[in-house]
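*Asks:* I have a structure here, written as structure tokens, and I will follow up with some questions on it.
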Amino acid sequence: LESTPWRWIATGPLEFDVGMVLDPLSSVMTLVICGVGLLIHVYSIGYMRGDAGYAKFFAFLNLFVFAMLMLVLSSSLLGLFVGWEGVGLCSYLLIGFWYAKGWPAEAAQKAFVMNRVGDACFLLGSFLLVRLFGTLDMSSIGHATAELAREPGKSSELAWAALLLFAGCCGKSAQFPLFTWLPDAMAGPTPVSALIHAATMVTAGIYLVVRLNPLFLAS
């Protein structure tokens, strides 16, 4: 199922749409996000009862679920990046939720900065893909990769694009060398650890690798 409600950016020969796609891969991720998210929301009702920031906590939690759904349902890397940054923002807000204690705020800053390192690599990889393919639509990139890889000199550029995107995945999924933010991220309330660090956000990098499987195979 595909839906492209409107054109978001049109600049010269480049056009980017706001597009959503539901296929076997994104539907599995959607079930995980909504299913596990529901259970964590129900658990949070009792866990956070009496907390001064009760309403704010649920606002952050729901914003996170929205951003994660945006990430897995977007048909282009640009839409995926919006969700990617959204979950990064929400992880910062939720890890540092009890910021008055001091150390949770420091843990949130550490997670935020280390994720931005990975995100910078993600952006560079996306720029390289735009130069190679003229689009950020993940389906188009997947179909055109094998043919482009046979052109002289293009295989190394594909490898660089894949490597930069993989560095972004390492930051988001807390893999070496961008993994040291994850232990400190347990500073947030327990439901945050369950939602972000066990079920959803850390699988975002894995999702991207699977979604752009042809690109990684070609490199």
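The values are calculated or read from the model by the stated rules, or taken from the named source; none is laboratory data. These numbers come from a predicted model, not from an experiment. Cβ sites come from the backbone with ideal geometry, for glycine too, and all protein chains shown count toward neighbours. Side chains are part of the model used for accessible areas, which takes the heavy atoms of the whole protein and leaves out ligands, DNA and RNA. Shrake-Rupley method; radii C 1.70, N 1.55, O 1.52, S 1.80 Å.
*Asks:* Name the helices (runs of 4 or more DSSP H) wholly inside the stretch 116-219 in which the number of residues that are free of Cβ contacts under 8 Å to residues at least 40 places away in the same chain and more than 30 Å from LEU94 (Cα to Cα) is 3 or more. Spell out how you get there, then give the answer.
*Replies:* Working: elements: 138-149, 154-172, 181-184, 204-211, 213-218.
Those helices (runs of 4 or more DSSP H) span 138-149, 154-172.
*Asks:* Could you tell me whether the stretch 135-152 includes any residue that is closer than 28 Å to TRP8 by Cβ and in contact with a Gly (Cβ under 8 Å, 6 or more places away or on another chain)?
*Replies:* There is at least one residue in the stretch 135-152 that is closer than 28 Å to TRP8 by Cβ and in contact with a Gly (Cβ under 8 Å, 6 or more places away or on another chain).
Conditions (1) in contact with a His (Cβ under 7 Å, 6 or more places away or on another chain); (2) farther than 30 Å from PRO5 by Cβ; (3) open to solvent by 10 Å² or more (accessible area, probe 1.4 Å), marked per residue:
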position	(1), (2), (3)
THR30	no, no, yes
ILE33	no, no, no
TYR54	no, yes, yes
LEU89	no, no, yes
ASP119	no, no, no
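*Asks:* Can you tell me which residues in the stretch 92-112 are without any contact (Cβ under 8 Å) to a residue 12 or more places away in the chain and either closer than 29 Å to SER76 by Cα or not in a helix (DSSP H, G or I) (or both)?
*Replies:* GLY102, the sole residue that qualifies.
Let's see how each residue does on (1) surrounded by 20 or more Cβ atoms within 10 Å (Cβ to Cβ); (2) out of contact with any helix residue (DSSP H, G or I) (no Cβ under 6 Å at 6 or more places or on another chain); (3) at positive phi:
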| site | (1), (2), (3) |
| --- | --- |
| ALA161 | yes, no, no |
| LEU165 | yes, no, no |
| PHE179 | no, yes, no |
| ALA185 | yes, no, no |
| GLY188 | yes, no, no |
| ALA194 | no, no, no |
| MET201 | yes, no, no |
| ILE206 | no, yes, no |
| ASN213 | no, yes, no |
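*Asks:* Determine, yes or no, whether GLY50 is surrounded by fewer than 21 Cβ atoms within 10 Å (Cβ to Cβ) and either among the β-branched types (Val, Ile, Thr) or more than 28 Å from VAL18 (Cα to Cα) (or both).
*Replies:* On the way: surrounded by fewer than 21 Cβ atoms within 10 Å (Cβ to Cβ): yes; either among the β-branched types (Val, Ile, Thr) or more than 28 Å from VAL18 (Cα to Cα) (or both): yes.
Spelling it out, GLY50 is indeed surrounded by fewer than 21 Cβ atoms within 10 Å (Cβ to Cβ) and either among the β-branched types (Val, Ile, Thr) or more than 28 Å from VAL18 (Cα to Cα) (or both).
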